[in-house]
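Below: the structure, in C-alpha cells.
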Amino acid sequence: MTDNNSVILEKRGQAFWIAINRPEKRNALNAEVIAGIAKGYRDAHDDKDVRVIVLTGGRRQGVLRRRRSAEQWCCVRDGFFQAECRLRRSAATVAECYQPSIARVGGVCMAGGMGLLCMTDIAVAADHVMFGLPEVKVGVFPMQVMALLQSIAPRRLINEWALTGEPFDARTAQAAGLLNHVVPAAELDAKVDWLISRIVDKSPTAIRRGKYAMRAIASMSFDESIAYTESQIALLAMTEDAKEGLKAFAEKRKPSWPGK
C-alpha cells in the first residue's frame with residue numbers, strides 16, 4: 001500500500017484500488033488528489049498482474065455542502081478551478097490505461113468527481129448517493145467535465161445539471177447513463193467484487209485490444225468504424241489468447257490465458 005496522504009493506492013489480488021482520502025474536505029479534488037489518481041493509473045498500467053482498477057472515495061465522496069460562508073465558497077471555487085485545470089491531463093492518463101476501471105461511488109459525487117466518474121468504464125453507486133454540477137453556485141462552470149459528460153449523458157440533461165447546479169439522485173444518474181448499477185449501500189462492495197471477478201477471468205488480450213478499439217472508433221464515422229473493427233477481428237484471431245479460448249471451448253474447460 002502506498003499513498004500521498006490524499007490518495008491511497010493499494011493492490012488487492014489482481015485489482016488495483018485508488019481511494020481518495022480527504023474525509024475532512026469531503027474528498028474534494030485538488031492538485032494533490034489529481035496527481036495521486038494519475039499516479040495510481042500509471043502504476044496499474046505498468047503492473048502486468050493488474051487486471052482491473054477500482055476508483056473510489058473514503059468515508060465520504062464529494063465536494064460540496066449546501067451552506068457555506070463566503071470565505072468557504074471562495075476556497076471551493078478555487079479548488080474547482082485547480083482541479084478542472086488538471087482533469088485534461090488526468091483524462092489522457094486514464095485513456096492510455098488498458099485495464100478496465102470501475103467507479104465505486106459510496107457518497108456524494110459532485111463537480112470534478114463527476115468528471116472522474118465519466119473516466120471509468122463501469123460505475124456502481126449506493127442508492128442514497130447524490131450527484132451534481134454545482135459550479136454555477138460559486139461563479140464558475142463545469143467546462144472540462146462537460147467534455148467528459150457529452151459522450152455519456154443526453155445533452156438536455158447535461159444542460160439542466162450545468163445551468164441550474166441542482167443535485168440529482170442515483171436513479172436519475174443511472175437513467176442518464178452515468179451508472180451501470182445502483183444498489184443498497186450494504187451491497188455496494190459485493191457488487192464491485194462481483195464485477196471484478198467477472199473481469200479477471202476473461203482474456204486480458206481481448207480486453208486490452210477491445211478497449212483500444214472502443215477508444216479509436218469513438219471519433220470515427222460509421223463506415224470508418226466498421227472497416228477498422230473488421231481489421232481488428234483478424235488481428236485478434238491471431239493472438240495466443242484467442243487460440244487458447246477456442247481450444248478451451250472445444251475441450252470444455254476453463255481457459256488459461258497467456259495474455260498475449
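Summary of values
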{"quantity": "Normalised contact order of the chain, rounded percent, pairs of Cα under 8 Å and 6 or more residues apart", "calculated": "15 percent"}
{"quantity": "Partner lysines for Lys252 [C-alpha distance under 25 Å; skip if fewer than 8 residues away on the same chain]", "calculated": "Lys202, Lys243, Lys260"}
{"quantity": "Among 44-56, 216-228, the order from most to least packed when residues are scored by Cβ within 10 Å on average", "calculated": "44-56, 216-228"}
{"quantity": "Carbon + sulfur, % of accessible area of the chain - ligands and nucleic acids excluded, 1.4 Å", "calculated": "55 percent"}
{"quantity": "Antiparallel DSSP beta bridges within the chain, as percent of all bridges there, nearest 5", "calculated": "35 percent"}
{"quantity": "Partner aspartates and glutamates for Lys211 [C-alpha distance under 19 Å; skip if fewer than 8 residues away on the same chain]", "calculated": "Asp43, Asp46, Asp47, Asp49, Glu96, Asp121, Asp201, Glu224, Glu230, Glu240, Asp241"}
{"quantity": "Value at 222 nm in deg cm²/dmol, rounded to 500, when DSSP H runs of n ≥ 4 in the chain each add -39,500 (n - 2.57)", "calculated": "-15500 deg cm²/dmol"}
{"quantity": "Built amide H within the under 5 Å cut-off of His128, gap 5+", "calculated": "Ala185"}
{"quantity": "Accessible area in square angstrom per residue, the stretch 130-260, 1.4 angstrom probe", "calculated": "61 Å²"}
{"quantity": "Under 24 Å from Lys137, Cα to Cα: lysines that are on another chain or at least 8 residues apart", "calculated": "Lys25"}
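The values are calculated or read from the model by the stated rules, or taken from the named source; none is laboratory data. A quick note: this is a predicted structure, and the numbers were derived from the prediction, not measured. Virtual Cβ from ideal backbone geometry, glycine too; neighbours counted across all protein chains shown. To get the accessible areas, we keep the full protein, side chains included, count just its heavy atoms, and leave off ligands, DNA and RNA. Shrake-Rupley method; radii C 1.70, N 1.55, O 1.52, S 1.80 Å.
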